[in-house]
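*Asks:* Mind having a look at this structure? Questions to follow.
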Amino acid sequence: MALINCKECKQEISSNADKCPYCGNKMKKGGFGCGTLILIGIGILIVLYIIGSNSESGGIITDEQTYSKSWRSPQGSEFRDIGRIIVANGIKVCGEYYVKQIESNEYVIACSADGTTWDYFVVYTSLDKIYRANEEMESKLNPPR
């Protein structure tokens, strides 16, 4: 319990008092304290993280049209951006790779170290993320050649 000064009569009173015992002035209770603001901030960050996590499918493509698209060689900045993400994530099975664009900055890629065995990934170039395709997705993809 701390002592504070009444804003009306300037007498010392308890910080827990509802009103000043000297002049009867009602004491205003503080609104949100620092702890409350910190908790609200943490809550907002958690919500933003959840929303951000749901914006990508984590290696699962649900658009069936993607599977029917033809494989093609990456072009221009696609080659650079996808290659950078592959290297940054230490993926060594991509001696050569082909792409299917799902949406802007979102690709399915087929990687091979030997030209016969293929591994499939989903790459989000705007997020610098790459995920291995799941078994269901791999079963729907045909090798590039």
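Computed from the coordinates by the stated procedures, all read-outs in this text should not be read as laboratory data. Remember, predicted model here, so these are calculated numbers, not experimental data. Quick reminder, even Gly has a Cβ in these numbers, built from the backbone with ideal geometry, and neighbours come from all protein chains shown.
*Asks:* So what's the back-of-envelope 222 nm ellipticity for the chain, counting only DSSP H runs of four-plus at -39500 (n - 2.57) apiece and dividing by all residues, rounded to 500? It would help to have the intermediate numbers written out before the result.
*Replies:* Values: 4 runs with 43 residues, N = 145.
When only DSSP H runs of four or more count, the value is -9000 deg cm²/dmol.
*Asks:* Name the cysteines of the chain that stand alone by the Cβ rule: no other cysteine Cβ under 4.7 angstrom.
*Replies:* Cys with no partner Cβ under 4.7 Å: CYS34.
*Asks:* Find the relative contact order for the chain and round it to a whole percent, using C-alpha pairs within less than 8 Å whose residues are 6+ positions apart.
*Replies:* For the chain, the relative contact order is 16 percent.
*Asks:* Counting Lys and Arg as +1 and Asp and Glu as -1, what is the net charge of the other residues whose Cβ lies under 14 Å from the Cβ of PHE79?
*Replies:* 0
*Asks:* Roughly what would the spin-label model give for GLN101 and LYS7, points 7 Å off Cα along C-beta, in nm?
*Replies:* With each label point 7 Å from Cα toward Cβ, the separation is 6.1 nm.
*Asks:* Once you list every other residue whose beta carbon is under 12 Å from the beta carbon of PHE121, what net charge do they have if Lys and Arg are +1 and Asp and Glu are -1?
*Replies:* 0
*Asks:* Then there's this: Would you please put 128-134, 139-145 in order of how densely packed they are, using the mean number of other Cβ atoms within 10 angstrom per residue and starting with the highest?
*Replies:* In descending order of packing, they fall as 128-134, 139-145.
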